[in-house]
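Below is one structure, written out as structure tokens; comments come after it.
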Amino acid sequence: MRTRTAALSAVLLGALAVPSAATARTSTAPPGIDAPPMGWNSRALGCSVSEAAVRRAADALADGPLAAAGYRYVIVDGCWTAAGRDASGGLVADPARFPSGIRALADHVHGKGLKLGLGLSAGTKACAGGGVGAYRHEDADGALLRSWGVDYLKYDWCSIPTADFPGKNVQQIAQILYPAMRQALGDGIAFAMNNEEGSTVPWLWGRQVATTWRTNVVTKPLTDSYAHMVDVWETNMLRHEYAGPGSWNDPDLLQAGLGKMTEREYRAQFSLWAIGASPLILQADPAKAPAAIVADPEVIAVNQDRLGVQSRYARTDGWYHALVKPLENGDSAVVLFNESDRAATIAVTAAKLKLPRAPRYRVEDLWTGEVAATRGDFAAYVPAHGAVMYRVATRDAGGDRAAPLVTLETDPAAALGEDRLTTLTAGREGEIVTRLVNTGGTEKITGAEIALTLPDGWRARPVTPTASPEKLAAGEAFTVTWAVTPPAGAATGRYEIGAKASFDGRAEVTSSAAVLVAQAP
């Protein structure tokens, strides 16, 4: 009988050759996995996960709008291997929480038209729940998962016996253990490398091994927090050059539906993940996930585009970001993301987006469905923590007679980068400005008129005319100044005010901004 060292060397001499850029395949994406995976993960349940809970999630996924939107994978994140192994060394699911076994669970999920995923560790123990890992059992475990009908493996990086690999660093050990399991799984199973602390730097070599790889550089999963979401997203953007068709960067799960972020922040995350060609994996109960956000077909189409390219920065200054992603049919997706705490106008040009030259561009707002046209200037007044997402067609937009792309600002800051909110005093008049700009410039704007929308009990009177007597040519603006009075008894805090502009007798656009209300001394 060979020693463990000899056996491991025999298995992994070939695996060590896999990461060579000169000889490796561009991607090992299984057949049929030609877009980032979409599904649900049980992480929010922790180690309370059970067969019954997973079946309920699969039923909700299949019977609601999510399956029709493309969500397919039902992933048991972990805590299912607590029973360890049987006498022959095979994995055994926890009989208390998975009494029917994984094969029966896979049959149920497949019967719903979905796919089953499991979490497993490359080390000696699972990351949570006291279960076992796949170390020294890669071939047998891979074969067992295939026999069960598993379609997706999330392969964690916990309890790695580094002493078994003298002279090798963490990356070199990962380049042994991860390819070993990838080979054992065979084709047809999505393979997600999940090293959350980033010590294995999987983005440098994961494309030769995995369907996705985690890009975090922290030791804990993404929390339901706007600040943490932005940190994770910015880290993921630094890895964009390593991803491509069939193999994608994974900035972690979607938070929509968990309840600690705002609807606007969840929509921003979904926009960033979609244009980033990131996996769209939910962790909220599928029955409670906000379908208006996570099942939007136009946004999902950008994520699932067969070109498979991750977005890049067209421009960024730390607070305000313009992202662009080329699409298979020649269109481009564009996201304008306002990371700051105050609404701001974010602008970018066709040249910065590296769009083909065209006399005009068709611009569709994917969240509202509104269509506009521009000669090459793109801008939007983006709320704090918000994102605007466009699909831009470089073909001539003149045929649909789309109105010019406009920018409507509500209480714009005096200078870009000013993130302190305007403060109004309860019971006293304060000044607010609204401004409409003919950004697209495809034709002059006529009959521009602006109105305010206010919280209950607030009053406003226009200090300047609310209707423009002049036509607005390309780049020209129409500004209205308002005297706004919060109620005398208004509580101190943030309030949302909005503006609505109409022009050309048919087009209408809205925007909003937050202001602070303070009590008079």
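For segment 115-131, give me the residue count where each residue is farther than 18 Å from Tyr178 by Cβ and buried (at least 23 other Cβ atoms within 10 Å of the Cβ).
Final tally of qualifying residues: 2.
Scanning segment 201-216 for residues that are open to solvent by 50 Å² or more (accessible area, probe 1.4 Å) and either over 26 Å from Ile189 (Cα atoms) or out of contact with any Ser or Thr (no Cβ under 6 Å at 6 or more places or on another chain) (or both) gives a single hit, Leu204. Within segment 232-256, restricting attention to residues that are open to solvent by 10 Å² or more (accessible area, probe 1.4 Å) and of a type in the set (Ser, Thr, Tyr), the residue that is nearest to the chain's Cα centre (by Cα) is Thr235. Contact map, segment 82-95: first residue in contact (Cβ under 8 Å) with a residue 24 or more places away in the chain, second residue open to solvent by 20 Å² or more (accessible area, probe 1.4 Å) and of a type in the set (Val, Ile, Thr), Cβ cut-off under 8 Å, separation 6 or more or different chains; pairs are Ala83/Val92; Gly84/Val92; Gly84/Val132; Arg85/Val92; Arg85/Val132; Leu91/Val132. In segment 327-338, the residues that are under 19 Å from Arg306 (Cα atoms) and part of a strand (DSSP E or B) reach residues that are basic (Lys, Arg) and open to solvent by 10 Å² or more (accessible area, probe 1.4 Å) with C-beta atoms within less than 7 angstrom, at least six apart or across chains, in these pairs: Ala333/Arg391. Could you go through segment 467-474 and let me know if any residue there is open to solvent by 60 Å² or more (accessible area, probe 1.4 Å), among the acidic types (Asp, Glu) and not in a loop (DSSP other than H, G, I, E, B). No, segment 467-474 contains no residue that is open to solvent by 60 Å² or more (accessible area, probe 1.4 Å), among the acidic types (Asp, Glu) and not in a loop (DSSP other than H, G, I, E, B). Looking at segment 347-362 only, could you name the residues that are touching a residue at least 40 places away in the same chain (Cβ under 8 Å) and under 22 Å from Thr410 (Cα atoms)? Listed by number, the list holds a single entry, Ala347. Filtering Ala268, Ala256, Ala190, Ala274 for residues that are over 28 Å from Trp367 (Cα atoms) and modelled with pLDDT of 95 or more leaves a single hit, Ala190.
Within segment 43-72, residues that are on the phi > 0 side of the Ramachandran plot and open to solvent by less than 50 Å² (accessible area, probe 1.4 Å) sit with their Cβ atoms under 7 Å from residues that are modelled with pLDDT of 95 or more and polar (S, T, N, Q), at 6+ positions apart or across chains, in these pairs: Gly70/Gln304.
Among the conditions (1) in a loop (DSSP other than H, G, I, E, B); (2) surrounded by fewer than 16 Cβ atoms within 10 Å (Cβ to Cβ), Glu508 misses just one, which is (1).
Conditions tested, residue by residue: (1) part of a helix (DSSP H, G or I); (2) among the basic types (Lys, Arg); (3) within 24 Å of Ser42 (Cα to Cα); (4) open to solvent by 30 Å² or more (accessible area, probe 1.4 Å).
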position: Val150; (1), (2), (3), (4): no, no, yes, no
position: Lys154; (1), (2), (3), (4): no, yes, yes, no
position: Ala163; (1), (2), (3), (4): yes, no, no, yes
position: Ile176; (1), (2), (3), (4): yes, no, no, no
position: Phe191; (1), (2), (3), (4): no, no, yes, no
position: Gly198; (1), (2), (3), (4): no, no, yes, no
position: Asp224; (1), (2), (3), (4): no, no, yes, no
position: Val230; (1), (2), (3), (4): yes, no, yes, no
position: Leu258; (1), (2), (3), (4): no, no, yes, yes
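Quickly run through segment 311-338 and pick out the residues that are of a type in the set (Lys, Arg) and open to solvent by 20 Å² or more (accessible area, probe 1.4 Å). Within segment 311-338, Arg312, Arg315 meet the criteria.
Do you know which residues across segment 268-310 are crowded, with 24+ Cβ neighbours inside 10 Å, part of a loop (DSSP other than H, G, I, E, B) and of a type in the set (A, V, I, L, M)? Within segment 268-310, Ala277, Ala289 qualify.
Annotation: of all residues in segment 339-364 being surrounded by fewer than 22 Cβ atoms within 10 Å (Cβ to Cβ) and of a type in the set (Ser, Thr, Tyr), the one that is nearest to Glu265 (Cα to Cα) is Ser340. On the given criteria, is Arg461 surrounded by 20 or more Cβ atoms within 10 Å (Cβ to Cβ) and assigned to a strand (DSSP E or B)? Considered against the rule, which asks whether it is surrounded by 20 or more Cβ atoms within 10 Å (Cβ to Cβ) and assigned to a strand (DSSP E or B), Arg461 comes out as no.
Among the conditions (1) closer than 19 Å to Val309 by Cβ; (2) at pLDDT 95 or above, Gly244 misses just one, which is (2). For segment 462-480, a tally of residues being under 17 Å from Thr439 (Cα atoms), of a type in the set (S, T, N, Q) and over 39 Å from the mean Cα position of the chain (by Cα) returns 1.
The values are calculated or read from the model by the stated rules, or taken from the named source; none is laboratory data. The model shown is predicted, which means the values in this text are computed figures rather than measured ones. We place every Cβ from the backbone using ideal geometry, glycine too, and count neighbours over all the protein chains shown. Ligands, DNA and RNA are excluded from the accessible area calculation, which covers all protein heavy atoms including side chains. Shrake-Rupley method; radii C 1.70, N 1.55, O 1.52, S 1.80 Å.
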